[in-house]
Structure formats: C-alpha cells, structure tokens
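Undergrad: One structure follows; several queries about it will come next.
The values are calculated or read from the model by the stated rules, or taken from the named source; none is laboratory data. Predicted model, so just to flag it, every value in this text is computed and none were measured. In this analysis, Cβ positions are derived from the backbone assuming ideal geometry, glycine residues included, and neighbour counts consider all displayed protein chains.
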Amino acid sequence: MNKLKLLPSTLILPCLLMSVTGFAAEQDNDQYSGIYKQLSIMSDIIKSSVSDKSARQPSQINSIQSTYLRGQGVVFTISSAANNRQWGHYNFNFVMPEMPEMPVAPIAPEVNQDFREKYDIDVNETVSKALESAADGYERVVEVFEHNRDKTRAFRDQQRDIAYRLRDVEREKRDLNYQLSRATDDRKAELKSEIYKLTEQEKTYRGQLQKLTELNNKVAAEQKVEQEKRSQERSNYYQQLAVKLTETLCLYGNGLKALPKNEHVSVILQAAGEKSAGRYKDSILVFSKEDITSCSADKITAVSLMNKGKAYQF
C-alpha cells in the first residue's frame, strides 16, 4: 500500500509564496504589455490629432516618447516642431548685432536679448488662429530681420570709416596746434586757417556718427517690437498646443484602459516654457486618470480638465 508523503511544514510556505509571486508577476506583465500597446496607439493619436492641415508642416510634433512609471502613471515627452530654436526656418533668438565700440562718439545701446515670454492668453482661442497668424507673418519676419541685419552691417562699416577719418583729422589738428605754438606771426594766420577747416571737418564727422547712432537706435527699436511679437507668438503657439493636447486626452483618453484609475497622465512639452539661463524650460502638464475619464464621458469639459491639471515648468 502506497503511503502519501507529506511535505515538511517548512517547505509549504515558500512554495505558496513562489506561486503567488509568479502569479502576480504574470499579472504585472499582462498589465505592462497592455499599457505599452495603449501608449503606442495614444502616441499616434496625439501626433495626428494636433496636426494642422492648413499649416506648412504636416504635424506640429516631431516626436513622442512615452513610458510608464509604476504607481505614478504614464508620461508623454513631446518634441514640437518649434522645439529646436527655430519655427520653420525662423529663429526666435535673432538679435540686432552690436555696434562696435569707438572712442570718439556715443555708441548705440546694446540690444537686450532676454525678452521674457508672456503667457497671458485666452485658452478659448482656436489653435488654427495662432498657427495661421504665425504662417502669415513668417515671410515678413525673415525679410525684416535680413533687412535690419544689412542695415546694421552698413552702419558698422560707415561708423568705422568715419571714425578712422576723425582720428586722422584730430591727429592733424594736434600737429598744427604744436606748430602754431612755435610758429612766427606770418605763419600763424595760415595755420589757424587750416585748423579751422579741420575743426569743421571734425564737426561734420561727429554729426555723421551721431546720425548713425540715431538710425541704429531706430532700427533696434523696430527689431525689439518684432522680437516681442515673435516671443508672444511663440508663447501662443505652445499654449495652443497644450490646449489641443488636452482636448485630445479628453476625446481619446479612455483608450488608456490599462492605466490604474488612481494614477496620472503627464505631458512634457520640451523647451515650451520661458527662457532661463540660456535655455527654454520644459512645460509639464499633469492630469489625473480620473479627470481624463470624466472628460471622456462628457462629465467635464476640456477647459475644466486643463484647469484641474497641474502645470509647471522645469
């Protein structure tokens, strides 16, 4: 008769733990696999939903990277078409070149490069309005920038040329004054006449330098207006992109079914924030899965979802 051999009690608990652990790991793998697939689908949805067919570029987004942080939620890291310091071919950071320092005339003040972006916009504006405005102004901005840059180069060349002439005049005057202090009475009249002519030339050159300074200041002021306008349009661009992304999460966020309901969806817009220490900060939006689900079920609006979300820059 076969006798049943019982396992020692010391081996029962480890076996049970291994079974439970294996079962939990299998569940985790299924959950992670589901989240991974849903993130991939959601990334495609986001990229296509924020595209603007009226714009020059087929999409406002260059790339989307996504990942899942257990206990926290999913993170979408988005690189926009305006991320790499240029929007289309337009560089947001252009600045009037400095006038060279000359010892003989006042120099135009250096143009400030750090124009802080403004973020006070109406979230109810349509995305297309900001994008179309930027597209319409694109050619004009490039033309203005090139024109101003050519003007500045011409100012610099003229200023250098006049400064050289002015130095020559001043040197000649010093020589003549030295001769005048030692000249005979007959020679003094001739030297004074030459000194007078040089003094008049000096006044003319200084007047020309002053005029160049005023013209440069005028061009710098015009460029400052353009710079501030482009900074505002850049700010509007990213704000409207954030609005569109929020609307996309509201419409399609229920596709993230595998994401636990107590976790979050975070969106990192690279270089979409204000400029600080030579770089543009990332703009980060954090939404709860619960709020996204409510928005998908029409319990709250996309505007309410944005207001409920947490936004900061890093």
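Undergrad: Within the range 152-186, count every residue that is in contact with a helix residue (DSSP H, G or I) (Cβ under 8 Å, 6 or more places away or on another chain) and over 28 Å from Val219 (Cβ atoms).
TA: Selection size over the range 152-186: 8.
Undergrad: Related question: If I filter the range 213-236 down to residues being polar (S, T, N, Q) and either without any contact (Cβ under 8 Å) to a residue 60 or more places away in the chain or over 23 Å from Lys281 (Cβ atoms) (or both), which single residue comes out as surrounded by the fewest Cβ atoms within 10 Å (Cβ to Cβ)?
TA: Checked the range 213-236; the qualifying residue surrounded by the fewest Cβ atoms within 10 Å (Cβ to Cβ) is Asn217.
Undergrad: Please determine, by comparing only the residues of the range 235-278 that are in a helix (DSSP H, G or I) and aliphatic (A, V, I, L, M), which one is farthest from the chain's Cα centre (by Cα).
TA: Leu251
Undergrad: Exactly one condition in (1) under 29 Å from Arg153 (Cβ atoms); (2) without any contact (Cβ under 8 Å) to a residue 24 or more places away in the chain; (3) among the acidic types (Asp, Glu) is false for Asp185; which is it?
TA: Of the numbered conditions (1) under 29 Å from Arg153 (Cβ atoms); (2) without any contact (Cβ under 8 Å) to a residue 24 or more places away in the chain; (3) among the acidic types (Asp, Glu), the odd one out for Asp185 is (1).
Undergrad: Out of the range 285-314, which residues are among the acidic types (Asp, Glu) and either part of a strand (DSSP E or B) or crowded, with 21+ Cβ neighbours inside 10 Å (or both)?
TA: Asp291
Undergrad: Sticking with this one: Note down all Cβ pairs under 6 Å where the first residue falls in the range 19-43 and is farther than 30 Å from Gln60 by Cα, the second is surrounded by 11 or more Cβ atoms within 10 Å (Cβ to Cβ) and modelled with pLDDT of 55 or more, and they're at least six residues apart or on different chains.
TA: Short answer, once both residue conditions are applied: Gln31/Ala258.
Undergrad: Six or more apart or on different chains, Cβ under 6 Å: which pairs go from a residue in the range 296-314 that's farther than 24 Å from Arg279 by Cβ to one that's small (Gly, Ala, Ser) and surrounded by 15 or more Cβ atoms within 10 Å (Cβ to Cβ)? Could you list them?
TA: Close Cβ pairs (under 6 Å, with a partner that is small (Gly, Ala, Ser) and surrounded by 15 or more Cβ atoms within 10 Å (Cβ to Cβ)) amount to Ser296/Gly253; Ile300/Ser294.
Undergrad: Inspect the range 269-284 for any residue being in contact (Cβ under 8 Å) with a residue 12 or more places away in the chain, under 20 Å from Gln60 (Cβ atoms), touching a Cys at 6+ places or on another chain (Cβ under 6 Å) and buried (at least 16 other Cβ atoms within 10 Å of the Cβ) and give the result as yes or no.
TA: No, the conditions are met nowhere in the range 269-284.
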